[in-house]
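S.K.: Pasting a structure here, questions to come.
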Amino acid sequence: MAKAEYSVLGTSIPRMGGVERVAGAGIYGIDLVLPDAVRGGVLRSQYAHATIKSIDTSEAESLPGVYAVVTAEDAPDVKYGRTSNDRYMLARGKVRYMGDPVAAVAADSEATLKKALKKIKVEYEPLPVVLDAEAAMKADAPALHEEIPLPANLPKDTRVKNVCGYSTLHVGDPDRAMAEADLVVEETYETKMVHPQYLEPRIAATRHEADGRLTVWVNAQAPFGVRSEVSKLLKIPISGIRVLVTEIGGGFGGKATGTHSSAGLEPICALLAIKAKKPVMMVLDKAEETVSTTVRAPVKVWIQTGVNKDGTIVARKAKLIFDAGAYSGFGALAGSRCTQMLAGWYRTPNAHVDGYIVYTNKQVCGPVRGPGGPQAAFPVESHMDSIAAKLGMDPVEFRLKNIPKPGERIAGVPKLRDVSLGETIRVAAEKIGWGKVKLEKNQGVGIATGSWIEGSGPGGGAVVKINEDGTAAVLIGKVDYGTAPRFGIPMIVAEELGIPTDDVTVLNVDTDASPWDAGTVGSRSTLVAGNAARLAAIDARNQLLRMAAKQLEASSDDLEIKDRQIRVKGTPVKALALAAVATAAHNEIGEVIGRGYFDSKAVEAEEKEKGSSPPFTSHAAIVEVDPDTGNVKILKYVAVHDVGFVIHPQAVEGQIEGATAMSIGQALCEQVLFDDKGKTLNPTFVDYLMPTWNMIPKIETVLIKGYPGAGPYGTKGAGEIGCVPPPAAIANAICNAVGVRLTSLPLSPENVLRAIREQKGVEP
Amino acid sequence: MDYFEPKTIREAVSLLARYGEKAKVIAGGTDVLVDMKFKEEPSCLVNIKRIPALSYIREDDGFLRVGTLTPIREIETSSLVRQKLPLLWEAAHQFASLQIRNTATIGGNVCRASPSGEMLAPLLVLEASAVARFSRGEKKLPFGELFLGPGQTLLGSKGLLTEIEIALPPERSGSVYLKHAVRGAMDIAMVGVAVLLTPDAGGKKAKDVRIGLGAVAPTPIRAKSAEKALRGKAMARAVVEEAARRAAADAKPITDHRASAEYRRWIVEALTRKGLAQAWKAATGKEVDR
């Protein structure tokens, strides 16, 4: 790791744009005002599974104030999908969940819009509904996508149905190792569907410009994904579409995968704008958002582990049933990650995991913060405590016994460079007072660990332009929703250019001007845009130094930029104002433009050779369980993380605390509930219970140092991993408190009390 | 939609007489406006917020009188309520969020007649009366008879609630309101239990016991068989536990997305047990005998 002799890096500057956000300035998508715009809205399926016999839009169309009504008939016959093209922007012939877009309207007001949507007559023929992924795999289940073949990599003779993805992992000889193990522990676990519930509603606005191009405003995490999908679905060339990103009020992966996550909102909006010949603005309301957009998928897990008497893990087998929802969405990718993680992040020489990603008639899986992570860590880390209990071993000691060593492999990481897992466990145990803290009756302590992916993936670029006053404008493809673009990126550019962070402006994404990017996802903002922006700033700096070298009669190698001055190192009197050099550049090359990129393949090659250093974490909690109500109160919570080098400590702590709080929500109360017809029972915030501040403990975050990652200066991704351990940490603490192992989320008062009563043998 | 802002009770009552079922009365609007947005717009809205002098808390010869337009926050911050009717204070204090408490009125909470309405079980055990104006005159409706079902009261479509009249409970009584919700605060009650307990002169026996249950039946209800099991009995643990079991049996909860009926009964039992012990301690300073 580079030495900590930076001027800006490692400090916590105020968040750029923070004041506007706190003061309620109208900066978000919903605040957008387009002159002459009309309102767009979507008619959604009222059946979870049905054939569409006919759609009659004539009454809606004849309503005064209605500018356009569109159905699948108005759009090209093109499907979209990430791993499988299985979805239309507007349902064609069939609907597969209660939220599937069927038709859309553009009207002069919200009231006319509502009226018009009611006047569209859709004749459905209901089909059998399947809501449970395990049931959907069985032969007698209704087929959701007859035309989609089963995954090609499914083992031969696998008799399954509705499977849209299969992922597997095999190491060593798990059958034999399991048979020879001293002790085999086997359990099943379940997690429920949760919605990312960002506060800012999703919007889309489109204007068909005079030159024939489309301008699309979105509050999406992947504007280039939106551009390519709108292009594909409407058969408009990429060059004919410009996507502009508004400020984003939370996304958590829910606004991530192009048009998937928004159930086709952007292409529908574009279709309406073209037909209406008017700009169209669409805003989803909270209930519509919950029923139609992407979610964290529910899973069922069977997990089995063989250990020796001394606590050494010798084998792991697991089976995952991952509920993708009505379309493949991000399911196969999140499900695959979940499959890998079920092998754990401990030394496990023999393992076999099967992951089935399955269609059901429900909301579609998206890449919600740490996709697949909490769903894997809840079983894996609860199971670790169950094994320790059977062995009569302390859970911390058992985990420490199985830490992988540098050079070894864990699932998803062929070769480890260095391993911070053990240190995070030791620090978390110490901070929570493991074995020392005095627990009252019904109080308990628990620990759980986690890991997350790091390194290779799509590349990305950055451009740093030096204005004539020596300030810098930065173009990147990552959007700001509380992550690097207005924390780390300006700091990196300021550091490399020797200017204050206030002199750096990071532009919001405009696909006409910004470098292409795969999307602000996967804890990759600093890794991709940070590395690229650093190289771009260095490129700009080198150009400036070369120009100044002539005037200062020095080699550019001997020059540095400090405090807006270009000066000879060690001889500060020999200096030129950065602004003067930047202005003078106009007569030579015009503007100084630095360019940099994150070379994914180079990182991959280096990791292949030297190994990689994934981030690890351990969370520990003390809880108190009310034996009368089943209510769980978290009394103390410690989150220990290795995120490599830390550019902005407060931002990193904020990400970790936010992710932890989000995951505590999933652990204690959140879930999307359905009736047997597939109707969401709790679409609004009155009924969909997210934790309020009184449920969230003070989260004590500890960042351990000394394990550099692949990001600039040795950073690692920090945005998602905090979501991984909380459900298991809390479940383990509950088990320690009242002796009950909960195997299904949420750990709600009713579920906890039921488990306590069942254990006591109380008659219900 | 027809919209009216009557300036007098008489004017409001005549509007209700004219529009009947079509009219909706609005005061704080914390429920009505949400319904208008997500459900149906009424064809007539009668805003009674402009009628003067309907927001007050007054002590009056053994009674506390609370005007129908009194915001919940006024009740929560009233030293008179805190001193004389700690049970009502407790319910006001646990009511939704501060923002809602500032806006919502006691009259609105009563007329909404939600089974989980925070003020209702406490008012039921306080044996309060609803003072209502009809076009033919005033009526006093005891809370024990007021509620007919969710959203349904004896006021019907033509009566206007003007005041809540609460007889002050005996000085040596003890009371408590316990609410159970997943989130604790900012959440609709899964179960609410109000207890008002008056010990006998010796401080050994329960002279009068009233237990009100919220969110476990179509209306807030009294746990009559539980009350009966305690009346006149020495407050021993076994008696309290038996009463709590009876309260669970008195409840008629449903299973919905918030909780199962079974769980609601478990909570009624737990909160009744806890509530009785706390009320007894508040009244006598003593724990329930082991």
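Yes/no per residue for (1) more than 14 Å from chain B (Cβ to nearest Cβ); (2) free of Cβ contacts under 8 Å to residues at least 40 places away in the same chain; (3) surrounded by 24 or more Cβ atoms within 10 Å (Cβ to Cβ); (4) over 20 Å from A:ILE387 (Cβ atoms):
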{"site": "A:GLY714", "(1), (2), (3), (4)": "yes, no, no, yes"}
{"site": "A:GLY717", "(1), (2), (3), (4)": "yes, no, yes, yes"}
{"site": "A:GLU720", "(1), (2), (3), (4)": "yes, no, yes, yes"}
{"site": "A:ALA728", "(1), (2), (3), (4)": "yes, no, yes, no"}
{"site": "A:ALA733", "(1), (2), (3), (4)": "yes, no, yes, no"}
{"site": "A:ASN736", "(1), (2), (3), (4)": "yes, no, no, no"}
{"site": "A:GLY739", "(1), (2), (3), (4)": "yes, yes, no, no"}
{"site": "A:VAL752", "(1), (2), (3), (4)": "no, no, yes, yes"}
{"site": "A:GLY761", "(1), (2), (3), (4)": "yes, yes, no, yes"}
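S.K.: Another question about this same structure. Identify the residue in the range A:296-314 that is touching a Lys or Arg at 6+ places or on another chain (Cβ under 8 Å) and of a type in the set (A, V, I, L, M) and, among all such residues, is nearest to A:GLN375 (Cα to Cα).
M.R.: Top of the filtered list is A:VAL301.
S.K.: Among the residues of the range B:68-91, are any at pLDDT 95 or above, more than 28 Å from A:PHE685 (Cα to Cα) and aromatic (Phe, Trp, Tyr)?
M.R.: no
S.K.: Among the residues that make up the range B:248-270, is at least one of them touching a His at 6+ places or on another chain (Cβ under 6 Å) and surrounded by 22 or more Cβ atoms within 10 Å (Cβ to Cβ)? Step through it out loud before you land on a result.
M.R.: Initially, the range B:248-270 is screened for residues touching a His at 6+ places or on another chain (Cβ under 6 Å), giving B:267.
Checking the rest, the ones that are also surrounded by 22 or more Cβ atoms within 10 Å (Cβ to Cβ) come to B:267.
Checking the range B:248-270: at least one residue is touching a His at 6+ places or on another chain (Cβ under 6 Å) and surrounded by 22 or more Cβ atoms within 10 Å (Cβ to Cβ).
S.K.: Are any residues in the range B:76-123 under 24 Å from B:ARG258 (Cβ atoms) and outside any helix (DSSP H, G or I), and if so, which ones?
M.R.: Once the filter is applied, which keeps residues that are under 24 Å from B:ARG258 (Cβ atoms) and outside any helix (DSSP H, G or I), the range B:76-123 yields B:GLN94, B:PHE95, B:ALA96, B:SER97, B:ALA104, B:ALA113, B:SER114, B:PRO115, B:SER116, B:GLY117, B:GLU118, B:MET119.
S.K.: Would a scan of the range B:94-108 turn up a residue that is outside the structural domain of B:LYS179 (by TED's automatic domain parsing), of a type in the set (A, V, I, L, M, F, W, C), buried (at least 21 other Cβ atoms within 10 Å of the Cβ) and within 13 Å of the chain's Cα centre (by Cα)?
M.R.: Taking every residue of the range B:94-108 in turn, at least one turns out to be outside the structural domain of B:LYS179 (by TED's automatic domain parsing), of a type in the set (A, V, I, L, M, F, W, C), buried (at least 21 other Cβ atoms within 10 Å of the Cβ) and within 13 Å of the chain's Cα centre (by Cα).
S.K.: Is it fair to say A:TYR707 is more than 10 Å from chain B (Cβ to nearest Cβ), surrounded by 20 or more Cβ atoms within 10 Å (Cβ to Cβ) and either more than 25 Å from A:CYS338 (Cα to Cα) or touching a helix residue (DSSP H, G or I) at 6+ places or on another chain (Cβ under 7 Å) (or both)? Step through it out loud before you land on a result.
M.R.: Values: more than 10 Å from chain B (Cβ to nearest Cβ): yes; surrounded by 20 or more Cβ atoms within 10 Å (Cβ to Cβ): yes; either more than 25 Å from A:CYS338 (Cα to Cα) or touching a helix residue (DSSP H, G or I) at 6+ places or on another chain (Cβ under 7 Å) (or both): no.
Against the criterion (more than 10 Å from chain B (Cβ to nearest Cβ), surrounded by 20 or more Cβ atoms within 10 Å (Cβ to Cβ) and either more than 25 Å from A:CYS338 (Cα to Cα) or touching a helix residue (DSSP H, G or I) at 6+ places or on another chain (Cβ under 7 Å) (or both)), A:TYR707 does not qualify.
S.K.: Another question about this same structure. Please determine whether any residue of the range A:577-593 is at pLDDT 95 or above, within 25 Å of A:GLY461 (Cβ to Cβ) and under 35 Å from the mean Cα position of the chain (by Cα).
M.R.: yes
S.K.: Do any residues in the range B:186-207 that are away from chain A (no Cβ under 14 Å) have Cβ atoms under 8 Å from those of residues that are assigned to a strand (DSSP E or B) and of a type in the set (S, T, N, Q), where the two are at least six apart or on different chains, and which pairs are they?
M.R.: Listed by first residue and then by second, the contacts come to B:ALA194/B:SER175; B:VAL195/B:SER175; B:LEU196/B:SER175; B:LEU197/B:SER175; B:ALA206/B:THR198; B:LYS207/B:THR198.
S.K.: Could you run through the range A:688-704 and say how many residues are part of a loop (DSSP other than H, G, I, E, B) and at the interface with chain B (Cβ under 10 Å from one of its Cβ atoms)?
M.R.: Going residue by residue through the range A:688-704, those that are part of a loop (DSSP other than H, G, I, E, B) are A:688-692, A:696-698.
Subsequent filtering for residues that are at the interface with chain B (Cβ under 10 Å from one of its Cβ atoms) retains A:688-692.
The qualifying residues number 5.
S.K.: Follow-up question, since we're still on this one. Which number in (1) of a type outside the set (S, T, N, Q); (2) at pLDDT below 95; (3) touching an Asp or Glu at 6+ places or on another chain (Cβ under 9 Å); (4) not in a helix (DSSP H, G or I) marks the one condition that A:GLY630 misses?
M.R.: Among (1) of a type outside the set (S, T, N, Q); (2) at pLDDT below 95; (3) touching an Asp or Glu at 6+ places or on another chain (Cβ under 9 Å); (4) not in a helix (DSSP H, G or I), the lone unmet condition for A:GLY630 is (2).
S.K.: Only residues that are at the interface with chain B (Cβ under 10 Å from one of its Cβ atoms) and either among the basic types (Lys, Arg) or within 26 Å of A:LEU635 (Cβ to Cβ) (or both): list them for the range A:671-687, please.
M.R.: A:GLN671, the sole residue that qualifies.
S.K.: Filter the range A:649-670 down to the residues that are touching a residue at least 40 places away in the same chain (Cβ under 8 Å) and within 14 Å of chain B (Cβ to nearest Cβ) and list them by number.
M.R.: If we filter the range A:649-670 for residues that are touching a residue at least 40 places away in the same chain (Cβ under 8 Å), which is where we start, we get A:649-660, A:662-670.
Matches in the range A:649-670: A:ILE664, A:GLY665, A:GLN666, A:ALA667, A:LEU668, A:CYS669, A:GLU670.
S.K.: Next question, about the same structure. I'd like the residue in the range A:611-648 that is within 14 Å of chain B (Cβ to nearest Cβ) and closer than 14 Å to A:PRO726 by Cα and, out of all such residues, is surrounded by the most Cβ atoms within 10 Å (Cβ to Cβ). Before you say what the answer is, go through the steps one by one.
M.R.: Narrowing the range A:611-648 to residues within 14 Å of chain B (Cβ to nearest Cβ): A:624-634.
Now restrict to residues that are closer than 14 Å to A:PRO726 by Cα: A:632-634.
Working: A:VAL632: 28, A:LYS633: 16, A:ILE634: 22.
Filtering first and then ranking leaves A:VAL632.
S.K.: Does the range A:659-696 hold any residues that are under 16 Å from A:ARG369 (Cα atoms) and out of contact with any helix residue (DSSP H, G or I) (no Cβ under 7 Å at 6 or more places or on another chain), and which are they?
M.R.: A:ALA661, A:GLY665, A:GLU670, A:GLN671 - these are the residues of the range A:659-696 that are under 16 Å from A:ARG369 (Cα atoms) and out of contact with any helix residue (DSSP H, G or I) (no Cβ under 7 Å at 6 or more places or on another chain).
S.K.: If you take the residues of the range B:250-290 that are in a helix (DSSP H, G or I) and of a type in the set (Ser, Thr, Tyr), which of them is farthest from the other protein chains (Cβ to nearest Cβ)? Reasoning before the result, please.
M.R.: Residues of the range B:250-290 in a helix (DSSP H, G or I): B:250, B:261-284.
Now restrict to residues that are of a type in the set (Ser, Thr, Tyr): B:263, B:272, B:284.
Numbers: B:TYR263: 4, B:THR272: 11, B:THR284: 22 Å.
Among them, the one singled out is B:THR284.
S.K.: Ok, one more. A:GLN543: part of a helix (DSSP H, G or I) and closer than 30 Å to A:GLY644 by Cβ, yes or no? Please lay out each step first, then the result.
M.R.: Details: part of a helix (DSSP H, G or I): yes; closer than 30 Å to A:GLY644 by Cβ: yes.
Taking the combined requirement at face value, the residue satisfies it.
S.K.: Taking into account only those residues within the range B:159-173 that are touching a Phe, Trp or Tyr at 6+ places or on another chain (Cβ under 6 Å) and not aliphatic (A, V, I, L, M), which is surrounded by the fewest Cβ atoms within 10 Å (Cβ to Cβ)? Before the answer, list the steps.
M.R.: Filtering the range B:159-173 for residues touching a Phe, Trp or Tyr at 6+ places or on another chain (Cβ under 6 Å) gives B:159, B:165, B:167.
Narrowing further to those that are not aliphatic (A, V, I, L, M): B:159, B:165.
Details: B:GLY159: 22, B:GLU165: 16.
Top of the filtered list is B:GLU165.
S.K.: Given the conditions (1) assigned to a loop (DSSP other than H, G, I, E, B); (2) crowded, with 24+ Cβ neighbours inside 10 Å; (3) assigned by TED's automatic domain parsing to the domain that holds A:ALA659, which single one is not true for A:SER262?
M.R.: Exception for A:SER262: condition (3).
S.K.: Count, please, the residues in the range A:456-506 that happen to be over 22 Å from the mean Cα position of the chain (by Cα) and assigned to a loop (DSSP other than H, G, I, E, B).
M.R.: Of the residues in the range A:456-506, 8 are over 22 Å from the mean Cα position of the chain (by Cα) and assigned to a loop (DSSP other than H, G, I, E, B).
S.K.: Turning to a different aspect of this structure: Determine, yes or no, whether A:GLN551 is surrounded by 19 or more Cβ atoms within 10 Å (Cβ to Cβ) and either of a type in the set (Gly, Ala, Ser) or out of contact with any Lys or Arg (no Cβ under 9 Å at 6 or more places or on another chain) (or both). Step through it out loud before you land on a result.
M.R.: Numbers: surrounded by 19 or more Cβ atoms within 10 Å (Cβ to Cβ): no; either of a type in the set (Gly, Ala, Ser) or out of contact with any Lys or Arg (no Cβ under 9 Å at 6 or more places or on another chain) (or both): yes.
In short, no.
S.K.: When residues of the range B:3-35 are filtered for being surrounded by 13 or more Cβ atoms within 10 Å (Cβ to Cβ), outside any helix (DSSP H, G or I) and of a type outside the set (Gly, Ala, Ser), how many remain?
M.R.: Residues flagged as surrounded by 13 or more Cβ atoms within 10 Å (Cβ to Cβ), outside any helix (DSSP H, G or I) and of a type outside the set (Gly, Ala, Ser) within the range B:3-35 amount to 8.
S.K.: Inside the range A:610-648, can you point out the residues that are more than 27 Å from the chain's Cα centre (by Cα) and under 18 Å from A:THR449 (Cβ atoms)?
M.R.: Once the filter is applied, which keeps residues that are more than 27 Å from the chain's Cα centre (by Cα) and under 18 Å from A:THR449 (Cβ atoms), the range A:610-648 yields A:ILE622, A:VAL623.
S.K.: I would also like to ask the following. Where the second residue is basic (Lys, Arg) and not in a strand (DSSP E or B) and the first is over 16 Å from A:ALA343 (Cα atoms) and lies in the range A:158-169, which pairs have Cβ atoms under 8 Å and are six or more apart or on separate chains?
M.R.: Going by the 8 Å Cβ cut-off, the qualifying pairs are A:LYS161/A:LYS138.
S.K.: Residue check, A:SER748 against (1) within 14 Å of another protein chain (Cβ to nearest Cβ); (2) touching an Asp or Glu at 6+ places or on another chain (Cβ under 6 Å), all met but one. Which one?
M.R.: (2)
S.K.: While we're on this one: Taking the condition within 14 Å of chain B (Cβ to nearest Cβ) and of a type in the set (Lys, Arg), does A:LYS608 pass?
M.R.: Details: within 14 Å of chain B (Cβ to nearest Cβ): no; of a type in the set (Lys, Arg): yes.
Spelling it out, it is not the case that A:LYS608 is within 14 Å of chain B (Cβ to nearest Cβ) and of a type in the set (Lys, Arg).
S.K.: Now, a different point. So, in the range B:155-185, of the ones that are away from every other protein chain (no Cβ under 14 Å) and of a type in the set (A, V, I, L, M, F, W, C), which residue ends up nearest to B:LYS24 (Cα to Cα)?
M.R.: So in the range B:155-185, the residues away from every other protein chain (no Cβ under 14 Å) come out as B:155-177.
Add one more test, that the residue is of a type in the set (A, V, I, L, M, F, W, C), and what stays is B:155, B:160-161, B:164, B:166-168, B:176.
Values: B:LEU155: 13, B:LEU160: 11, B:LEU161: 13, B:ILE164: 20, B:ILE166: 26, B:ALA167: 30, B:LEU168: 32, B:VAL176: 33 Å.
Looking at residues that are away from every other protein chain (no Cβ under 14 Å) and of a type in the set (A, V, I, L, M, F, W, C), I get B:LEU160.
S.K.: Kindly establish whether A:GLU288 is at pLDDT 95 or above and within 14 Å of another protein chain (Cβ to nearest Cβ).
M.R.: Details: at pLDDT 95 or above: yes; within 14 Å of another protein chain (Cβ to nearest Cβ): yes.
In short, yes.
The values are calculated or read from the model by the stated rules, or taken from the named source; none is laboratory data. Given the structure is predicted, the values throughout are model-derived calculations rather than measurements. Every residue, glycine as well, gets a Cβ built from its backbone with ideal geometry; the counts of neighbours run over all protein chains shown.
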